[in-house]
Structures are given as C-alpha cells and as structure tokens.
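Only one structure is covered here, and it is reproduced in the block below.
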Amino acid sequence: MSWAVEEWKEGLSPRVLQKIHELESQVDKFKKERQQKQYQLETLEAALQKQKQKVENEKNESAILKRENQSLMELCDNLEKAKQKISHDLQVKESQVNIQSGQLNSCKKDIERLEQELKR
C-alpha cells in the first residue's frame, strides 16, 4: 500500500522531493505535538473536574458546618438563658432563706426571752 502512496512522487525533482520530505516530517511532528497537546488538555480537564468536585465538596461541608455552628450558637444562647434563670431563682431562694433565717433567729430570741420570763 505504501508503494501506491509514493507513486505520485515519481518523476519529481530532488529539490521538490526534499521539500515534500520536509513537509511530511513537519506533518508527523505536528501530529505528535497535537497528540501531546490533546493528552495534556485531557489531563488538565480531568484535573479541573477533580478540582471542581473538590470545591463543591468543600462548599457542601462548609454549609454543613455553618448550619452546625448556628445550631450550637442557638444551643449556647438557650443554655445561657437557662443559666441566668437558674441564677436568678437561686438568688431569690437565697434571699428567702436569709429572710426565714432572720425570722428563725428572731423567733429563737423571742423564745429565749419568753423562757427567761417564765423562769422569773
């Protein structure tokens, strides 16, 4: 088959044959370069897709973390409010205990005074 490809070159001058050979060499070189560039392009496209997927995954993870952070902030706010309520309740109860302790001491003094009066 290659002999048929070469047939058209018969009878051409050596200078023209040399130029044809140079052009064929350039064509082969360009074909190889094109294949290399095509491979590089495919490799870069694959890397780009991988990076896009990675970015998408990071965005999804970021959204999940933002929601989790929001939820934790709300939980902290609720816990802080509960803590403040408990602290207020504790202060109220301590105040009541102090009042009752004062009343108890007053009653004890009254009892002691009354006992002293009874002894007299």
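Remarks
- Residue match in segment 111-118 (condition: loosely packed, with under 10 Cβ neighbours inside 10 Å and not in a helix (DSSP H, G or I)): no
- One residue alone among 79, 48 is part of a helix (DSSP H, G or I), open to solvent by less than 100 Å² (accessible area, probe 1.4 Å) and of a type in the set (A, V, I, L, M), and that residue is 48.
- The condition of being modelled with pLDDT of 95 or more and open to solvent by 100 Å² or more (accessible area, probe 1.4 Å) does not hold for residue 64.
- Restricting segment 1-45 to residues that are loosely packed, with under 10 Cβ neighbours inside 10 Å and not in a helix (DSSP H, G or I), the residue that is modelled with the highest pLDDT: 13
The values are calculated or read from the model by the stated rules, or taken from the named source; none is laboratory data. Everything numeric here is computed off the predicted structure, so don't read it as measured data. Because the Cβ atoms are built from the backbone with ideal geometry, glycine has one as well, and the counts that use them run over all protein chains shown. Heavy atoms of the whole protein, side chains included, go into the accessibility calculation; ligands, DNA and RNA do not. Shrake-Rupley method; radii C 1.70, N 1.55, O 1.52, S 1.80 Å.
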